[in-house]
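As structure tokens, the structure follows; a few thoughts come after it.
The values are calculated or read from the model by the stated rules, or taken from the named source; none is laboratory data. Everything numeric here is computed off the predicted structure, so don't read it as measured data. Cβ: placed from backbone, ideal geometry, glycine included. Neighbour counts: every protein chain shown.
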Amino acid sequence: MTLCGLPGDGAGVSIAAAQREVEEARAELRDPSPAVMERCAARLERAVSLLATAMSQPGGPGDVSAACQLRRSLGALAKLAARPAAYYAGWQNRLGELTAGYGPDGEPGERQYVRPPRVLISG
């Protein structure tokens, strides 16, 4: 039997540690500084890795409803982190525009643009 696209209810790895990572990242995002964004990205990576480990266990993650909740929480957190990431990338781009200077021909220098990071969760 499957729920929300996850394998059935085996005696897999607990996903409580991954849920804690997501909850801590969400709490940190209340004040999204660049340092917080980097910590949250690392927390998201750990949570996704823990979820992948749970999913790869024979019989699935064990507690399927907890795995479904974690999957939804990861998606919501990725969306929550996208706005501040885009904000800081925009400021980096603006700084690049302001510091590009001018070339020898008097034309504006080449700007360096920063793309906001993307989080891809599949499985």
Open item on the list: If Asp31 meets every condition in (1) modelled with pLDDT of 85 or more; (2) under 13 Å from the mean Cα position of the chain (by Cα) apart from one, which number is that one?
Closed with: (2)
TODO: For segment 34-45, state whether one or more residues are modelled with pLDDT of 85 or more and in a loop (DSSP other than H, G, I, E, B).
DONE: no
Open item on the list: Being at pLDDT below 80, surrounded by 15 or more Cβ atoms within 10 Å (Cβ to Cβ) and not hydrophobic (A, V, I, L, M, F, W, C) narrows it down to one residue among Gly10, Gly60, Gly106, Gly123; which is it?
Closed with: Gly60
TODO: Provide a single number: the residues in segment 13-28 that are modelled with pLDDT under 85 and not small (Gly, Ala, Ser).
DONE: 2
Open item on the list: Could you tell me how many of the residues in segment 16-55 are farther than 22 Å from Ala86 by Cβ and touching a residue at least 60 places away in the same chain (Cβ under 8 Å)?
Closed with: 3
